[in-house]
Each structure stands twice: as structure tokens, then as C-alpha cells.
Amino acid sequence: MSSAYDPLQPAKRPGGRPTVAPRYRVLLHKKFRNHYAQLAERVGIQQARQMWDHLATTPGATSGIASTTILRGRAGRPRGPGWSRTVHYEVSGDARVDYQYHDAYRSNPSGDAHPVVAILTISFGSH
Amino acid sequence: MSDVIFKVSDLAQSRTELLQAAREGRARVRDTDGTGLVMLREEELQLIELVADWSRAHSCLLRLQQLGRQPSVSELGDQLAWLRVFDLEDLREFANELDDALVAARADRDGAALRHCLHAWRVTARQLQDPLRRSVLHGAHAPEDFEDAQRPGATSPVRDVASGRADE
């Protein structure tokens, strides 16, 4: 007899493998390397992964679980041809990420074009 | 809007009609001393106050733009002091977007677009308050400034974007 609930089967780890294969390569501005290292600790591994999964799969869509805003003025302008405007993603009340995405980015002129998301800034603390 | 002017006594005797008129737009009541009073939906009053408030701010911004220089915090005043992080170009863009949002609010009798505009600019102002964030958000793109960001919890080494070299 099979049962939907097996008390001896451990529960899956929260925020395990992404359910959809990443499409975008996620890049991080080096000046925010330390912030990124603290992200999971500040917001929890599940929310940090949900943010990464959103960026890696649908960076141009609104998130069902986080508030997003397009930044205004110079801060919101594309960093060059092909780049999106700057999206401000609220990972939680305590952490926010600003990013742009590019559907056919080349890191050098002879490189292959591929979709990337560039995390520009990470900030902590409540508004 | 109804042309009916209710009397004070109608507050008790014609309460249903008076409230219906208020729900449909305005209920005008003449007080015993002749003062005209108006009852309307609270959300409409909030919209009127919001539009009036930001129309004044918009006029102030247009005056400040004529200075041809960055306005001081005291010139911006309490309501607009949060805009001090923006340069003249951004202030001009804000004034234009605010003008569009005010027109939309009046035309649609809905302040959602105006509130959204103000929220987005306030969020941007907060991000620019920090010098490090400001330098990156206003800086030019350079591939060497970026490295791969692994999914949180992953253990792969950090890889530099421009060189493809792994950091140890």
C-alpha cells in the first residue's frame, strides 16, 4: 500500500534545486561581493535562492513573491545597448537588489552572445 | 452632480437621499448660518488633496529649474528635500513625469499612477543616498567589474567575467 506521507522520508530542503533551468547567467558587481556573501544569512537561504532563481529565469517579469520597481532617472537607464532599465527587487524588508539584464551579452567582442543578469547593488536595512 | 441642496434637518429626515448623493459625487448641505457644506467619498477627498499637494510641488520644481543650478535643501523645502540626491537632469525628468502623472490622476480620478511615480522616485532617491551604490548605478559598464554570482548555497568558485579566471 502506498501513502502520500512517509514519516521516515526526510522533508526536502527548503529552496532546493531550481524548478526551471536557469536561462540567464547571473553576474555580480565585485564591489558587492561581501554583501552577496551575507545575503542568505540576512534574508534566509530560501528567499536568497528565490531571488537568484527569479533573476536567472525571468528577470524582466514581475515577481509573485517580491516587490519590484524600475529605478528612475540616470540610475534607471540602460548601461549600454541591449541592457534593460534598472530593476529594484526587494528580497525582503531587510534586503534589496538592483539589477539589469541583457538577452545577448558579449563580455568581449569575440565572445558568444548569451543572456546575462548583472547585479549592480545590494543593500541591507529597512527603509 | 445633483443640484439639490439639503437642509440641516435633512440629515435626519432625508438621510438616505443625502448619503446617496454623497456616494454619487457630492451632497451639498446648507448649515443654519448659511454656510455651504459638502459631503463626498473619502477616497475622492484624498485624491483632491494628493493632486493639490503635488501640483504645488510641481510648480515649486518648475520655479527651481529656472535657477539653472542645483537647488539647495532649503530651497527644496520639507516636501521635496528627498530630491536633493538628484542632479538637474534627473530633477527635470522627475518634474516631467510628475506632470504626466498629475494629468492622469485628474483625468482618471485615480491617484494610483501618481502614487506609483512618487514611490519609484523615492526608491531611486534612497538607492542614491549611499555613495557606493550611487557610483555603480551612475557608472559606465565594464565587464571586468563583474564576476559570476553562484546560486546561494552553491560551493563553486567565483569566476571573473572578463578573464574567465577562477578566484581562489
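Data table
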| quantity | calculated |
| --- | --- |
| Gaussian network model of chain B, Cα within-10 Å springs - most flexible of B:E93, B:E17, B:E44 | B:E17 |
| Fewest-first ranking of A:H29, B:H138, B:H58, using other Cβ atoms within 10 Å as the exposure measure | B:H138, B:H58, A:H29 |
| Distant-in-sequence amide H partners of A:T86 (H built 1.01 Å from N, under 5 Å) | A:L71, A:R77 |
| 25 Å tail of the calculated P(r), the protein assembly as shown, as % of Cα pairs | 61 |
| Convex hull projection area averaged over all views, region A:42-127, Cα basis, nm² | 6.0 |
| Dipole of the protein assembly as shown, positive end: most advanced residue of B:S9, B:L91, B:L114 [Cβ charges, Cα centre] | B:L91 |
| Extended-chain gain in nm, criterion 0.36 nm per residue less alpha-carbon gap, B:L11 and B:D110 | 32.7 nm |
| Using a Förster distance of 35 Å, the FRET efficiency for A:V20-B:A52 (Cβ separation, nearest 0.05) | 0.15 |
| Cut-off under 5 Å, modelled amide H: who pairs with B:F6 long-range | B:R28, B:V29, B:R30 |
| Inter-label distance, nm, simple model (7 Å from Cα along the C-beta direction), A:R77/B:Q70 | 1.7 |
| Cα gyration tensor category, rounded, prolate or oblate, for region A:35-80 with a/c compared to 1.5 | prolate |
| Charge dipole of the protein assembly as shown about the Cα centre (unit charges at C-beta), most positive-ward option of B:L67, B:A140, B:A27 | B:A140 |
| Given charges at Cβ of Lys, Arg, Asp, Glu: the protein assembly as shown dipole, positive-most of A:N108, B:V38, A:P59 | A:N108 |
| Inter-label distance, nm, simple model (7 Å from Cα along the C-beta direction), B:R41/B:A154 | 5.0 |
| Within the protein assembly as shown: Cβ-based charge dipole about Cα centre, in debye rounded to nearest 20 (Lys, Arg +1; Asp, Glu -1) | 600 |
| Other-chain or far-sequence residues with amide H under 5 Å of A:Y105's (modelled H) | A:H114, A:V116 |
| Phi-based couplings in Hz for region A:69-85 (Karplus 6.51, -1.76, 1.60; Gly and Pro marked x) | 9, 7, 5, 9, x, 4, 4, x, 6, x, 6, x, x, x, 7, 6, 6 |
| Cβ charges +1 (Lys, Arg) and -1 (Asp, Glu), total dipole of chain B, debye | 500 |
| Inverse of mean 1/r across different Cα pairs in region B:56-161, Kirkwood, Å | 16.5 |
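Read the figures in this text as sums done on the coordinates, not as results from a lab. The structure presented is a predicted model; accordingly, all values stated were derived computationally and were not measured. Positions of Cβ are backbone-derived with ideal geometry, glycine not excepted, and every protein chain shown enters the neighbour counts.
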